[in-house]
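These notes are about the structure you will find just below.
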Amino acid sequence: MPNSKENTQITEKIRVCEKKALTLARPDTLRLDEKTMAVGQHVWQGDVAFLRLEDAPKDAKLIRNRKVRQVVEGTTRGARHCVSMESMPKVMWYNPAVTDALTGPIMESSSVIEIEHPEHGNVCLPPGTYQIKYQRAYLPLQELKRQRD
C-alpha cells in the first residue's frame with residue numbers, strides 16, 4: 001500500500017501525463033514545413049517569434065549541455081514557451097554574439113522542433129536554424145523593452 005508521499009508522486013505523474021496528452025491532442029497545434037517556413041520567414045507564438053536562418057552565425061557561441069527548455073526567461077504562465085521533451089535532446093543552442101532586449105538564443109536541429117505553450121498552442125518548426133526574437137513593448141520615449149504576455 002503506497003504511503004502519502006508515494007501517492008503525491010503518483011498523482012503528480014498522472015497530472016504530467018494528462019497535461020502532455022492534452023498538449024498532443026490540441027487541434028490548434030501549428031505544423032509548419034520548409035515551404036511555409038523558408039529562410040527569412042518567421043512565425044509568432046504570442047510575444048515570441050522564431051526567425052528561420054540559413055545557419056547559425058559563425059560568431060555565435062555554442063551552449064553546451066543546456067537543460068532549460070524555456071525559450072523565454074521567466075516564471076509566469078506567459079513565459080512558458082518551451083521546447084518539447086521529445087525535441088530537446090536534438091536541439092543545439094547558441095548565444096548570438098550581439099544581443100539586445102529583443103534578441104534571444106539561436107536553436108538548431110535536424111529534426112522537427114516542437115515549441116509548447118499552454119495558452120497560444122504549440123508550434124512545430126521544420127528542421128533548421130531559428131533565431132528567437134521577442135516582441136517590442138510600445139513605450140514611447142522610453143528604453144527598448146520586450147513585451148511580456
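The values are calculated or read from the model by the stated rules, or taken from the named source; none is laboratory data. As the structure is a prediction and not an experimental result, all values here were calculated from the model. Neighbour counts are summed over all protein chains in view; Cβ atoms, including those assigned to glycine, are modelled from backbone coordinates with ideal geometry.
For first residues located in region 49-63 and within 11 Å of E108 (Cβ to Cβ) and surrounded by fewer than 14 Cβ atoms within 10 Å (Cβ to Cβ), partners that are among the aromatic types (F, W, Y) and modelled with pLDDT of 95 or more and lie 6+ apart or on another chain with Cβ distances below 8 Å form the pairs L62/W93; L62/Y94.
Total residues in region 92-131 satisfying the condition of being surrounded by 20 or more Cβ atoms within 10 Å (Cβ to Cβ), within 14 Å of R69 (Cα to Cα) and hydrophobic (A, V, I, L, M, F, W, C): the figure is 5.
Scanning region 89-111 for residues that are touching a residue at least 40 places away in the same chain (Cβ under 8 Å), not in a strand (DSSP E or B) and not hydrophobic (A, V, I, L, M, F, W, C) gives a single hit, D100. Of the numbered conditions (1) farther than 15 Å from V43 by Cα; (2) at pLDDT 85 or above, Y130 fails exactly one; give the number of that condition. Exception for Y130: condition (1).
Considering region 112-127, and only residues there that are modelled with pLDDT of 90 or more and in a loop (DSSP other than H, G, I, E, B), the residue that is nearest to D28 (Cα to Cα) turns out to be N122.
Of everything in region 1-35 that's polar (S, T, N, Q) and modelled with pLDDT of 70 or more, which residue is surrounded by the most Cβ atoms within 10 Å (Cβ to Cβ)? Going through the qualifying residues, I end up with T29.
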